[in-house]
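Derivation of every value follows stated rules applied to the coordinates shown; laboratory data play no part. Everything numeric in this text was worked out from a predicted model, so none of it was measured. Every residue, glycine as well, gets a Cβ built from its backbone with ideal geometry; the counts of neighbours run over all protein chains shown.
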Amino acid sequence: GAGMKKLAILGPGVVGGSCAEILLRDADLLERNAGEQLELSYVLARRALPDRPYKDKVVTDFSVIEHDADVFLVIETIGGCGAALEYVRRALAAGKHVVTANKQLIAEHGAELLALAKANGVSLLFEASVGGGIPVLHPLSQCLGANEIYEVRGILNGTTNFILTRMIEDQMSFEDALRLAQENGYAEKDPTADIEGIDACRKICILASLAFGKHVYPDGVYTEGITKIHLRDVEYIRAWGGVIKLLGRAKRLQNGRISAMVSPAVVDRHSQLAGVDDVFNAILVRGDAIGDVVFYGRGAGKMPTASAVVADVIDCAKHLNRKKLFGWGSSEEGYVADYRDMRTALYIRAQASKPDQALEAARKAFGEITALHCEDAPADEIAFITPQDTERELQAKLAGINGLTLQSVIRMTDY
Ligand code: HSE
């Protein structure tokens with residue numbers, strides 16, 4: 001009808017289908033919050049979907065949506081960088097706002113797409129791409145706008161946090177915990193993106209880009225997953241007073257560059273991130289005026305994610321004639337520093353045929369170490385924490401110790 005704002009969903013999968021559900025079910029609520037009547041006019045799918053409540057809106061040809069001048073906004077929930085990238089480009093070029101949950105798309109093509117949106121006077125919003133339903137990108141760019149951001153760090157992947165929590169609380173092995181995560185439907189179709197840290201890497205890239213203003217690409221961010229974490233690592237760290245979490249971290253450096261990485265990390269039991277368990281995510285932002293802020297909530301799942309997508313739709317509807325200033329600029333050579341030049345302390349677990357001598361050699365190499373103990377450790381195993389130094393230095397010293405077979409190396413965090 002008159003005054004209706006027409007929109008389209010591309011890809012009615014798990015998240016897209018939930019967006020459709022909210023748009024159809026909560027029309028009155030959305031109108032109240034958006035100040036406009038929103039009408040789901042098209043759902044782009046590969047084939048007809050006769051069982052869905054929006055079956056009469058399904059189209060299979062994107063150009064129908066592209067050429068309908070009344071469609072003011074497109075929701076992209078196809079995923080990946082194939083069709084999704086092409087359609088988002090075409091939608092922006094056609095002057096339509098785009099809202100997406102696609103972290104890979106934004107992490108790999110954000111700067112280009114944001115520039116395209118700007119050139120066409122429309123918005124590209126993607127709150128759902130980081131932390132699922134947790135509002136973090138808008139608060140970071142808007143509510144914390146008066147802060148110089150020093151650092152962003154977070155538990156950004158629900159599946160791996162679920163696995164680590166099961167290992168910590170139930171002494172479950174990595175393999176069993178992964179199976180349980182898959183049975184519960186938390187893991188991506190191919191769990192590699194979760195357990196190898198790829199999903200978390202895309203999210204820290206988006207956070208870092210937004211926090212520091214230049215695009216950070218996933219291939220420039222050192223990334224390590226959790227597949228090598230052993231139950232005994234969990235035990236040594238527990239005895240020491242901490243927990244192992246998969247963290248994404250990005251930090252502003254003195255020289256205008258940043259550091260960024262994804263890796264397992266030892267977090268002190270008293271840290272704000274230590275108690276974030278199961279599929280929950282948390283993002284800690286450190287700013288010069290605010291100090292530390294933590295955003296916490298459900299980082300995965302269809303309804304939490306759809307809630308963030310539809311909120312972006314409302315935001316666009318409310319700012320129809322004023323494009324929101326949101327995003328970042330292009331990158332530059334050498335923007336992300338080499339992680340080996342960053343300072344950290346390391347947790348080390350190793351096999352040594354002569355453990356006492358090996359510990360003594362480690363003490364000599366590093367100056368000082370904290371030896372760790374765990375009840376059922378084999379007699380030929382040692383574990384210790386090094387002092388802080390650059391990773392390059394620590395690795396060199398480690399390589400110089402004779403008679404050690406390294407089993408685990410995990411970074412320590414300082415808050
Ligand atoms: N597989 C992802 C996770 C979903 O476990 O966090 C949200 O990106």
(message) Restricting to bridges with both residues inside the chain, how much of the DSSP beta-bridge set is antiparallel, in percent to the nearest 5?
(response) 65 percent
(message) Assuming 0.36 nm per residue, please report the length gained on full extension of the stretch Ala365 to Asp219 beyond their Cα-Cα distance.
(response) 49.2 nm
(request) Show the residues, 5+ positions off or on another chain, whose built amide H is closer than 5 Å to the amide H of Ile290. (result) none
(message) What are the ³J(HN,Hα) couplings of segment 363-370, residue after residue, when phi is run through the Karplus curve with 6.51, -1.76, 1.60 and θ = phi - 60°? Round to Hz, x for glycine and proline.
(response) 4, 5, 5, 9, x, 7, 9, 9
(request) Positive end of the charge dipole of the chain (Lys, Arg +1 and Asp, Glu -1 on Cβ, about the Cα centre): tell me which of Val136, Val262, Trp328 has its Cα farthest that way. (result) Trp328
(request) Note the direction-averaged projected area, equal to a quarter of the hull surface, for the Cα convex hull of the chain, in nm². (result) 21.2 nm²
(request) Per residue of segment 215-232, in order, report the coupling 6.51 cos²θ - 1.76 cosθ + 1.60 (Karplus, θ = phi - 60°) as ³J(HN,Hα) in whole Hz, putting x for Gly and Pro. (result) 5, 10, 8, x, 6, x, 10, 4, 9, 10, x, 10, 5, 9, 6, 9, 3, 5
(request) Using only the Cα atoms of segment 205-318, construct the convex hull and provide its projected area averaged over every direction, in square nanometres to one decimal. (result) 9.8 nm²
(message) Can you tell me the orientation of helix 83-93 relative to the chain, as the angle in degrees between its alpha-carbon axis and the longest Cα principal axis, to the nearest 10?
(response) 50 degrees
(message) Nearest 10 degrees is fine. How inclined is helix 158-170 to the longest principal axis of the chain, computing both from alpha carbons?
(response) 40 degrees
(request) Starting from the Kirkwood radius over alpha-carbon pairs of segment 1-80, derive D by Stokes-Einstein at 25 °C in a medium of 0.890 mPa s and give it in µm² s⁻¹. (result) 191 µm²/s
(request) List, in order, the whole-Hz ³J(HN,Hα) value for each residue of segment 393-403 obtained from phi through the Karplus relation with A = 6.51, B = -1.76, C = 1.60 and θ = phi - 60°; use x for Gly and Pro. (result) 5, 4, 5, 5, 5, 4, 5, x, 8, 7, x
(request) Please list the non-local residues whose amide H lies under 5 Å from the amide H of Lys6, H modeled 1.01 Å from N, same-chain partners needing a gap of 5 or more. (result) Glu39, Phe72
